[in-house]
Amino acid sequence: MKKLALFTAILVICGLTFATVIAREKPEKAPYKIGAVIDVTGGASGLGEPEKQTLEMLAEELNAKGGINGHKIEMIIYDNESDPTKAVTKAKKLVNEDKVIAVIGATQSGTTFPIIPIVVGAKIPLVSVAASWKIVTDPDTKQTRPWVFKTAQSDSLAVSKIYDYLNKNKISKVALITVSNGFGDSGRGELLRLAPEFKINIVADERFGEQDADMTAQLTKIKGTDAQAVICWCIQKGPAIVAKNFKDLGMTQKLIMSHGIANQKFLDLAGDAANGIILPAGRLIVAEQLPLTDPQRKILLDYKSKFEAKFSPAKVSTFGGHAYDAFMILTNALKKAGPEPEKLRAEIEKTKNFAGCGGIFNMGPDDHEGLTKDAFVMVEIKGGKWELLK
Amino acid sequence: MEWHSQLIQYLATGITTGAIYALVALGFTIIYNSTEIINFAQGEFVMLGGMIAAGLLAMAGMPMWAAIMLAIAFATIIGIIFEQLSIRPVKNPSVMNLIIITIGGSILIKGAAMIIWGKDDRPLRSFSSSQPLHIFGAAVTPQSLWVMTGTLLAVILLHFFYEYTITGKALRACAYNRKAAKLCGISVERMVLFSFGLSAALGAFAGILIAPITFTSYDVGTMLGLKGFCAAIFGGLGSNPGAVLGGLVIGTLESLSAGYVSSGYKDAVAFLIMLLVLYFRPAGIFGKRTEKV
């Protein structure tokens with residue numbers, strides 16, 4: 001019996017650690033190898049899984065159409081298990097063994113940072129699907145990193161969009177409640193940094209731990225202030241708990257959350273308590289409600305229907321959208337410039353007016369994100385559904 | 001908000017989480033009393049209770065009370081199987097070996113739960129309406145009251161069980177002196193099995209009570225288990241009233257420190273208290289000072 005238990009334990013461990021590798025059969029012309037390091041399992045699996053699915057879907061689609069200039073795409077996707085150390089190992093493997101021409105990833109800022117020096121060291125382009133501005137700009141020198149691009153909207157854009165909304169609604173006193181991890185710290189930093197510019201007065205600045213089960217204490221403190229709106233910056237289950245506690249305490253301020261909650265899982269968890277929450281979000285979740293003239297509408301609906309047809313019952317998500325943009329920007333540049341790294345890099349930098357899932361990308365030598373705050377729209381949750389605020 | 005309603009709010013929140021810690025701590029003491037081992041898989045039974053109940057409720061047509069009963073029953077069975085497969089067959093059952101086995105068991109249960117239910121957090125609906133009650137300006141959810149009364153009920157039942165039933169008395173006898181209990185004809189093996197079942201049931205009950213407030217997922221057991229362990233140490237391992245008091249004290253202090261100091265230090269409070277108790281009163285607040293001569 002002990003042996004059986006041991007055997008099961010080993011099986012479990014093996015199951016947890018194996019990486020997903022997708023290799024395709026060789027066409028006549030040598031394939032273009034594109035690598036990806038994605039957080040498919042572990043803490044950020046909710047983000048990484050749709051990214052992996054999207055990359056697989058797009059590569060398949062492109063190859064069915066004959067690939068790029070006769071070259072098929074070989075998409076090599078490794079799972080870093082949401083672990084920065086493993087991300088490094090996998091990135092090294094892509095660069096040294098697989099000899100890829102470009103790397104997509106990683107899913108989170110925390111897993112992207114450690115792979116930057118590896119990919120940059122090999123002098124091939126890296127297109128991250130994570131949000132932090134520090135990915136494309138060296139925080140010490142304030143210089144744009146020449147080889148690194150990203151497709152997820154920066155926190156500062158989301159914060160600007162929120163503050164814009166508050167200015168329009170004549171709200172100036174704001175309380176913050178943020179989670180103590182990479183995502184929360186980065187959001188809190190931007191909220192505090194941009195507040196004076198928009199004449200926003202932060203009257204409370206509360207924090208909570210990633211694993212905290214109850215935020216009543218922090219919200220009680222906020223309730224005692226004269227804040228007109230509460231901004232919560234957190235992902236995963238934290239925001240749902242804040243939403244519930246907020247409602248239970250009978251608080252009447254506007255509750256605003258980050259773009260990190262723009263997924264179905266949040267609606268499922270928070271239930272009724274989600275109603276009335278306002279957030280900045282990419283256009284994907286409200287694609288159907290966009291005006292017909294919106295340049296992103298067509299590609300969003302197209303991506304959505306293809307993704308949901310292929311991976312049903314999975315629903316399309318913002319994060320898969322970031323992977324979509326990364327793949328498209330990379331392959332568009334590849335079509336024009338070919339696989340030579342310096343040319344490919346320069347071509348990505350020339351991306352103009354590309355309507356993707358995350359917004360309209362206009363890159364440049366000093367702008368490797370290419371988005372403005374208009375990448376976001378303000379959305380309110382009503383009756384358990386996302387509703388575009390006009 | 002007035003200062004006193006703020007204080008009541010913190011206390012209500014603290015007592016709610018404290019009650020859960022108390023139930024987890026009771027699970028620790030029950031097993032400690034009959035085996036002298038610390039069952040580090042205790043937190044996983046809390047997780048199992050919540051996850052099984054959520055899983056059953058997701059299946060259509062199951063009423064709440066039936067899901068709760070079944071979840072507790074399943075968790076109890078898993079507790080018994082756990083004892084049968086991992087504790088009983090050990091050839092060299094030193095306390096240290098057994099404790100390490102429980103850590104292994106906890107990792108196994110957690111891993112299995114992740115594979116079965118996935119990594120997402122799951123909601124469990126409240127037992128009754130979710131409209132909060134206002135008590136002296138503080139908002140208290142009905143689920144918090146369920147947690148408090150549920151814990152109270154469990155503690156009272158447990159007390160009567162230990163004081164007035166033959167099995168309860170046999171369990172106490174094992175706790176006092178196992179060899180003597182054996183000589184009196186009490187089957188210590190059966191008592192150990194029984195205590196694993198009982199503490200699994202208590203843990204699962206705690207997991208179900210708290211899930212509507214905090215959600216549940218495959219990894220909630222670890223932290224709850226550790227907090228429950230701190231509570232058990234605080235009260236003196238092996239003392240039931242001590243475990244309950246320990247849970248309530250730690251829950252309340254956590255909530256107060258999150259409110260008045262900073263929520264960043266909240267988790268540190270429990271462990272700090274545990275360290276202080278271990279330094280200054282190693283036997284715990286209610287612990288027996290003179291142990292075994």
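The values are calculated or read from the model by the stated rules, or taken from the named source; none is laboratory data. Quick caveat, the model's predicted, so the values are computed rather than measured. Reconstructed Cβ throughout: ideal geometry from the backbone, glycine too, with neighbour counts over all protein chains shown.
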Quick one: which helices (runs of 4 or more DSSP H) sit completely within segment B:141-186 and have at least 2 residues that are over 23 Å from the mean Cα position of the chain (by Cα)? B:178-183
Name the residue that is nearest to the chain's Cα centre (by Cα), counting only residues in segment A:207-233 that are more than 7 Å from chain B (Cβ to nearest Cβ) and part of a strand (DSSP E or B). A:Trp233
Of the residues B:Ala206, B:Ala139, B:Ala173, which single one is out of contact with any Asp or Glu (no Cβ under 8 Å at 6 or more places or on another chain) and within 14 Å of another protein chain (Cβ to nearest Cβ)? B:Ala206
Check segment A:252-264 and report whether any residue there is at the interface with another protein chain (Cβ under 10 Å from one of its Cβ atoms) and at pLDDT below 90. no
Which residue, of A:Ala314, A:Ala274, A:Ala270, is over 20 Å from A:Ala204 (Cβ atoms), touching a strand residue (DSSP E or B) at 6+ places or on another chain (Cβ under 8 Å), modelled with pLDDT under 95 and within 13 Å of chain B (Cβ to nearest Cβ)? A:Ala274
Can you list residue pairs whose Cβ atoms sit under 7 Å apart, with the first residue in segment B:170-181 being modelled with pLDDT under 85 and the second being among the hydroxyl-bearing types (Ser, Thr, Tyr)? Count only pairs 6 or more apart in sequence or on different chains. B:Ala175/B:Ser34
A:Phe183: passes all of (1) of a type outside the set (D, E, K, R); (2) modelled with pLDDT of 90 or more; (3) assigned to a helix (DSSP H, G or I); (4) touching a strand residue (DSSP E or B) at 6+ places or on another chain (Cβ under 8 Å) but (2)
Residue check, B:Gly221 against (1) within 12 Å of chain A (Cβ to nearest Cβ); (2) over 15 Å from the mean Cα position of the chain (by Cα); (3) of a type outside the set (A, V, I, L, M, F, W, C), all met but one. Which one? (2)
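Conditions (1) surrounded by fewer than 22 Cβ atoms within 10 Å (Cβ to Cβ); (2) within 14 Å of another protein chain (Cβ to nearest Cβ); (3) of a type in the set (Lys, Arg), marked per residue:
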position	(1), (2), (3)
B:Ile210	no, yes, no
B:Ile213	no, yes, no
B:Phe229	no, no, no
B:Phe234	no, no, no
B:Ala243	no, no, no
B:Gly246	no, no, no
B:Ile250	no, yes, no
B:Ala258	no, yes, no
B:Ser262	yes, yes, no
Qualifying positions in segment B:13-43 - within 14 Å of chain A (Cβ to nearest Cβ) and modelled with pLDDT of 90 or more: B:Gly14, B:Ile15, B:Thr16, B:Thr17, B:Gly18, B:Ala19, B:Ile20, B:Tyr21, B:Val24, B:Ala41, B:Gly43
Those helices (runs of 4 or more DSSP H) completely within segment A:1-94 that have 1 or more residues that are at pLDDT 95 or above and crowded, with 19+ Cβ neighbours inside 10 Å are A:45-64, A:84-93
Check whether at least one residue in segment B:62-78 is surrounded by fewer than 24 Cβ atoms within 10 Å (Cβ to Cβ), more than 21 Å from the chain's Cα centre (by Cα) and not in a helix (DSSP H, G or I), and report yes or no. yes
Can you give me the number of residues within segment A:131-162 that are in a helix (DSSP H, G or I), in contact (Cβ under 8 Å) with a residue 60 or more places away in the chain and closer than 18 Å to A:Pro114 by Cα? 1
Just checking, which of B:Ile107, B:Ile115 is in a helix (DSSP H, G or I), within 14 Å of chain A (Cβ to nearest Cβ), free of Cβ contacts under 8 Å to residues at least 60 places away in the same chain and under 19 Å from the mean Cα position of the chain (by Cα)? B:Ile107
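Listed here are the residues, each with its yes/no results for (1) touching a Phe, Trp or Tyr at 6+ places or on another chain (Cβ under 7 Å); (2) surrounded by 22 or more Cβ atoms within 10 Å (Cβ to Cβ); (3) of a type in the set (Gly, Ala, Ser).
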| position | (1), (2), (3) |
| --- | --- |
| A:Ser172 | no, no, yes |
| A:Asp185 | no, no, no |
| A:Leu192 | no, no, no |
| A:Val203 | no, no, no |
| A:Met215 | yes, yes, no |
| A:Thr225 | no, no, no |
| A:Met251 | no, no, no |
| A:Lys254 | no, no, no |
| A:Met257 | no, yes, no |
The listed residue being touching a Ser or Thr at 6+ places or on another chain (Cβ under 6 Å) and of a type in the set (Val, Ile, Thr), out of A:Val129, A:Val120, A:Val100: A:Val129
